[in-house]
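Structure, as structure tokens:
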Amino acid sequence: MSRSIIPQGPHWSRRDVLRTLFFTAGAVGSASWLSGCGGSGSGASGATLPPPPGMGEAPDGEVLPETVEKLLGRFRNIGPLRAPDVHGVRTPEGFATRIVAINGELPQPQGMAVMGPRTGGIGNRPWHIFPDGGGVVPRDNGGWIYISNSEVPGVGSIGFTFPQLADLTNVLEEFTPGLAQVGTLVFDPDGTLVDSYTILTGTTFNCAGCVTPWKSWLSCEEFPNGQVWECDPYQPGDGVPRPTLGFFSHEAIAIDPDERLLYLTEDMPDGRFYRWIPDPSDWPEGSDRAALQAGRLQMLAVGGNGVQAAVDGPQAITWVDVQNPHEPQHQNRLPESTVFDGGEGVWFFRGVVYFATKGDDRIWAVDTLAQTIEVIYDRATAVAPKDILSGVDNLFVTSQGDILVAEDGGDMQVVVILPDGNLKPLLQIVGQDASEIAGIAFSPDGGRMYFTSDRGGRNGLGGFTNGLGMVYELILPEDI
């Protein structure tokens, strides 16, 4: 399994690391062994964690992953962004880009031609429109598969845009075939694109999702009666709905494999933050996967001094069982649960769950051991140059401690929040201001990063502008 998917190694000191790396109330923070819904890990190095300030000495004999020694961040030394390249992307010195898929065209083994589509190509259907959330699973031959959602709206999406119509549009959606799908790009170990096929069809407004520790893909429907669909990325198929994960405007999912918990965001102005607890028979201890057929869905409730106080420091949290879990949750809001304005990307790391909310441009951290929540990035209170991030959306966190945040709007950047609290732009797409960036995922060796321009396309003159969607590959320099 890819190191970017499966977390490994010791379980000690998640709270200690959190305290060490969070700076002050409302400041930007990060952590070390950061893993998404599947996770990343590394072997032990024999190093012990330096004692957090005011907490005394670290326990003798504790062996921690070697990434604790590398918390300066993978992208700490990148330079400023250069002028746009031939693909319309600004990157630091040493980086290069390739376009691997454009809506309406068959993917090409060596990347998409700049001056226009070529004849031929791979796969049995042109690339889908509005590519959004994405992930990577490894292949047995050393290659990998990039998975991409298609955020095609449907009747149910009207209820997403106009919540007062959700009850009606949810009913109409039941009788209207969805036009969204999930597609794949299959790569050989040298990066050659060799195949492309579809693993889910007939759904609506599929936004982000999650690569599971057992190598499946969870695709999230983002409308008020949306579901999560589980897909097999290794062969064509149609996916399986997982109604136990709830009915709401799903955005993204993160998985804690040790505690066997799923965390889910809801992209609505009055959205909630959820967790799913499997029944003991659904994910037995020692099993390598959940059946995702039976469990309890809960909403987060912030206590202490309230959710706004989380900007100033950690606040206690509790979890409450949702009301009528098999009904749309916009009809079943619990007054004691906390509103999060437009939940977006979510990422799990050793007991800490990071998630973004677009309505207030914040990134939150839930410490699942201490059962607290706090804001670690708040654009409203950020001071230059730490205020360059806006339109927070998808999240990806590297094992070296970088939080990569894709912008929906803003100035179309992927911004890195380094472990020391500084922010650096990793890339910027120009000429596509009506689009958004999503789908960040890395090849198993970390040498290539994939990302989408949800509404990018050709301009007919050999360049790129707003369109119906495209997928980029960022090729990293060897010393990064």
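What follows draws every value from the coordinates through simple rules; no lab data is involved. Model, not experiment: these values are computed from the prediction. Cβ atoms come from the backbone with ideal geometry, glycine included; neighbour counts cover every protein chain shown.
Round to the nearest 0.05 the FRET efficiency obtained for Ala309 and Arg125 when R0 = 56 Å and r is the Cβ-Cβ distance.
0.65
Ranked by the mean number of other Cβ atoms within 10 Å per residue, highest first, peptides 108-118, 209-219 order as 209-219, 108-118. By the gyration tensor of its Cα atoms, with a ≥ b ≥ c the square roots of the eigenvalues, what is the shape of the stretch 14-475: rounded for a/c under 1.5, prolate for a/b over b/c, or oblate? Since a/c stays below 1.5, the shape of the stretch 14-475 is classed as rounded. Please give the FRET efficiency for Asn77 paired with Leu172, using the beta carbon to beta carbon distance and R0 = 41 Å, rounded to the nearest 0.05. That pair, Asn77 with Leu172, gives E of 0.20. Taking all Cα pairs closer than 8 Å and separated by 6 or more residues, the relative contact order of the chain comes to 19 percent.
Other residues lying with their Cβ under 10 Å from the Cβ of Val186 contribute a combined charge of -1, Lys and Arg counting +1, Asp and Glu -1. Overall, the stretch 273-349 carries a charge dipole of about 60 debye about its Cα centre when +1 sits on the Cβ of Lys and Arg and -1 on the Cβ of Asp and Glu, all other atoms neutral. Taking 7 Å steps out from each Cα toward its Cβ at Asp321 and Asp411 produces label points 5.0 nm apart. Counting only Cβ charges, +1 for Lys and Arg and -1 for Asp and Glu, the dipole size of the stretch 14-475 around its Cα centre is about 860 debye.
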